[in-house]
Every structure is written in C-alpha cells, then in structure tokens.
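To keep things clear, I will list the structure first and then write my remarks on it.
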Amino acid sequence: MFSRIDRTIKSGAWRQPRVILWAAACVVALGFLVALEIAARRYGGMPGPITNQAREVLFPPKPGPLYGGLALMMVVLTWRQRFIAAGAAIAIDLVFVLVRWAIDADVPEGQFFGNGALWVMLGCAVIAITRRTGKERTLLLKGVGLGLLLVAGRKTGDTWLLITAKTRPTVLDPYVAMADHALGSPSWLAGRILRASGPVTTHVLDLVYAQLAVAAIAVALYQLRNVASEGRFPRHHLVRTFLVIGLIGPAFYMIFPVVGPIFAYGPGTSGTGGVEWATANLWPHTPLPVTAPHPVPYDGLTPRNCMPSLHTAWATAIFIHSRKGPRLLRYAGTFWLVATLSATLGFGYHYGVDLLAGVVFTLTVEAALRSLDRGWNRQSIQLVAHGSTVFAALLVSYRYIPMDMAKYPAVFGPLLILATASVIYGYVRTTRQWDPKTAPALQPEPQPEPA
C-alpha cells in the first residue's frame, strides 16, 4: 500500500506545472541544438554546436567560455569545494598541455588549455547523479547546467552566425543606412571621433567590446553569491536574460540581414568582406548620399549580425542588473554600457538605429522574464506588448520607409528617440512598482521622564 502511495506522490510531483515546464524546455532546447547541427552541416559543411562541444573534451578549446562556465557552476559549491574544483581543472589542463607538447600537437593560438574546466563540470554532473540526493543533487545539477548553458550558448551563437552568412546572400544595409540619416548617421561621426582620439581609446574600446562576457560573469557572480549558503538560485538573474537574448536575437538576423557600415561602406576588417563587396568606400569620412535603397549581394563569410545590435542588448542587460549592486558594480555597469555603445558605432560594426532596436529588444525580454517569475498581470502584459510593438515598428520602418526617414530627419529622428524613450520609461515605472519597498525604521515613542 505504501509503495503505491509513494508512486502516486512521485507521479503527482512529475505532473506539477514547473516540472512539466522544465521538461518541455529541455526537449525544445535539445531539438533546437539538433536542428542547428543539421543546418551547420548542410549550409556550411561544418560541425554544429553539439559536435564542437563534444570535441572539446579532448581537442584544444577556447578557454574563456569554459572557465567562465566553471566559475558560474561553482556558485553552488562551498569554498572548500571551489578550491578543489579549480585545482582539479588546472591540474587536468597541465596534463593536457604536457601531452600536447610531448607529441608536438598542432594547437591554435590561444587554445592551449580549457579542457580541465569542461572535465570538472562533467565530473560534478556525475557526482550529483551518483553521490547526491534530494535538494543537494538538484542544486548541483542546476549549477552544472548553468555552466554548460553558457558554453553551449557560445557554440550556438557561432553556428547561428554561420547560417546567416550562408543562407542570406543579399543584405539590407542600404535600407538601414538611409534610416540612419534620421539620427544623423552617428556611426560616421563616431568613427571619425575614434580615429582622431588616438590608439589608447581604440585599445580600451576594443577590449571592452571583446570582453563583454567577462563583465556579464562578474555581475552574475555577484547576483549568485549566496546560492551555496541559501541552497537555491534567485528567481531572476542576468544569466537567464543573456541566454534568452542570445537564443532569440539571431532569429532577427535572418529576417533583417545586415553586415554593418564598415563592411557595406568601408574597407572591411579582420580579413572579412572588404572593398570588393562594399557598395562604396565611404565610411567613416564621406557622408552617405541619400539614394533609393535596394538589397545588395555580399559574401558567404561575414555574419549578418547587426539588426538588432545584440552587443547593445547584452550591455543594456548588464547595466540593468548592476543597478542593485554596490557602487563600484554600478559604476562598472554604466561604463560598460557607454563604452560598448561607443565601440559599436566607432568601429563601424553597427548603425545608430541598430542600437535603438537593441535597447528596446532587451527591455522587452527583461520585462517578459520578470513577469514570468512574479506572475503576469495587466501592467506586465501592457509593458511587454508595448515593447514588442515598438520593436516591430522600428524594424518595419527601417525596411519600408527609409527614404522618408532620410528626407525628413527632423521628424523621424525625434520619433525614433521618443519611441525608445517610451519603452525605457514604461520599464522603469513598472519595475519600480514591482520592487519590494523597504519599510522605514520604526522610531521609539518618547517615554515620560521619571519623576
């Protein structure tokens, strides 16, 4: 009788909505990864995210994402366990380095180590399944999943970019460039300013742009600092927003393929694209003339990864999640946002209108995730609907009325700014109402003096 009761309880637990939701999410994620694997092999003739991740168990990986994932996984461990995990990862990497040196293996530059971090994460998953029970097992598996999701997100993003280049032979840069006239073509201005500012500024902005994930991990580690002691993850944190942005954002690359001003109107960079594919060599010194736009062909290597600007989206997410941290973290979040915006424009990677779309996209995703945690109500539905409407309106206007935007910048420029500001204002006003209010400290009532 008791065994039947136990089975009934377990069966009921598996029917809980949260468990069903997680199970469905895992199935969808697995199907998505398989689809990307097939698409990468079909369009690019290259392995996809699953194969690339499996190869890094033995072959030289990029160490940054793996050790970043290990750092996130270790939030569920005690300090003693963290030192053991970090030491084990370093020791395993030393063995791999010595073996590769001994056999004179061909190792790509900057990929000498990193396998140890992946081995430790997989080992923790095995320990969780075989040596842990109950909440301890669940917490450790969540930590491993969080670390591996960060690594898988990077692999997925690389595959997405490959697919955009192979499946979108033409780009819509002329449309976006015309729409950008409404904002005064800020990428052209920022490019000239950056070139005149000297190598120090260029180096700093390049470092900020390339190391966006480092800032994200720093903010995430602060948010998750109490996971081990409390035995649970916070209901909402930066990693969730980062992963959702990276998952959904590239879909718009397929809808609105754009390579960026330095590729479409400049000399190209990093050996990709170049003058032979550019419509004209104008960026950043020569203002773009107002002419009727049309799709233009481009190479099969350069990612169509401009609309919306996901670098802006991620930097905005870092800024939002750093607001509740200490003063130093808030300053760092502000600096990273400003520097990222300056780099995206100054290096010619994005147009100004890309940045507006990235901000609106992030605020809408962030609002939806927070609403999912706290429960949907009229305010949250209105906020997400408003953000989605503005985002769709921006993309439609860039595609279908760019000439009007270029001819009447005094009208459309303020409209673009006001539309973006309305989403920012709505997000700030609504989320302030969601945040718990700190009750004022009770003042002791005055007591009569003793006679």
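Here are the numbers:
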item: 19 Å reach of a label modelled at Trp434, 7 Å along Cα-to-Cβ, counting backbone N of the range 214-240; result: 220, 223-224, 233-240
item: Cα gyration tensor, the chain - rounded (a/c under 1.5), prolate or oblate; result: oblate
item: Extension reserve of the Asp104-Arg235 stretch, reckoned as 0.36 nm per residue once the Cα distance is removed; result: 42.4 nm
item: R0 of 22 Å, Cβ-Cβ distance Ala29-Ile127: FRET efficiency to nearest 0.05; result: 0.45
item: With every protein chain in place, the range 176-268: carbon and sulfur % of accessible area (1.4 Å); result: 66 percent
item: Estimated 222 nm signal from helices in the chain, with DSSP H stretches of n ≥ 4 weighted -39500 (n - 2.57), rounded to 500; result: -22500 deg cm²/dmol
item: Linear extension gain, Ile38 paired with Gln382, 0.36 nm per residue minus alpha-carbon span; result: 120.0 nm
item: Under 26 Å between alpha carbons - lysine pairs in the chain that sit 8 or more apart or on different chains; result: 9
item: Burial order of peptide ranges 159-171, 252-264, 51-63 (average beta-carbon count within 10 Å, highest first); result: 252-264, 159-171, 51-63
item: For the range 319-337 and the range 106-146, distance of Cα centres in Å; result: 29 Å
item: Ranked by how many other beta carbons lie within 10 Å on average, peptides 146-155, 344-353, 323-332 from highest; result: 344-353, 146-155, 323-332
item: With every protein chain in place, the range 311-360: carbon and sulfur % of accessible area (1.4 Å); result: 74 percent
item: Å² of accessible area per residue within the chain, as computed with a 1.4 Å probe and no ligands counted; result: 54 Å²
item: Among 379-389, 310-320, 123-133, the order from most to least packed when residues are scored by Cβ within 10 Å on average; result: 310-320, 379-389, 123-133
item: Difference of contour (0.36 nm per residue) and Cα-Cα distance, Gln211 to Ile417; result: 71.3 nm
item: Shape category assigned to the range 388-435 from the gyration tensor of Cα positions, a/c cut at 1.5; result: oblate
item: Approximate spin-label separation His285-Val396, in nm, with each point projected 7 Å along Cα-to-Cβ; result: 4.2 nm
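The values are calculated or read from the model by the stated rules, or taken from the named source; none is laboratory data. Note that this is a predicted model, so its numbers are computed, not measured. With ideal geometry, Cβ positions are generated from the backbone for all residues, glycine too; neighbour counts draw on all protein chains shown. Keep in mind that these areas ignore ligands, DNA and RNA; they rest on the heavy atoms of the full protein, side chains included. Shrake-Rupley method; radii C 1.70, N 1.55, O 1.52, S 1.80 Å.
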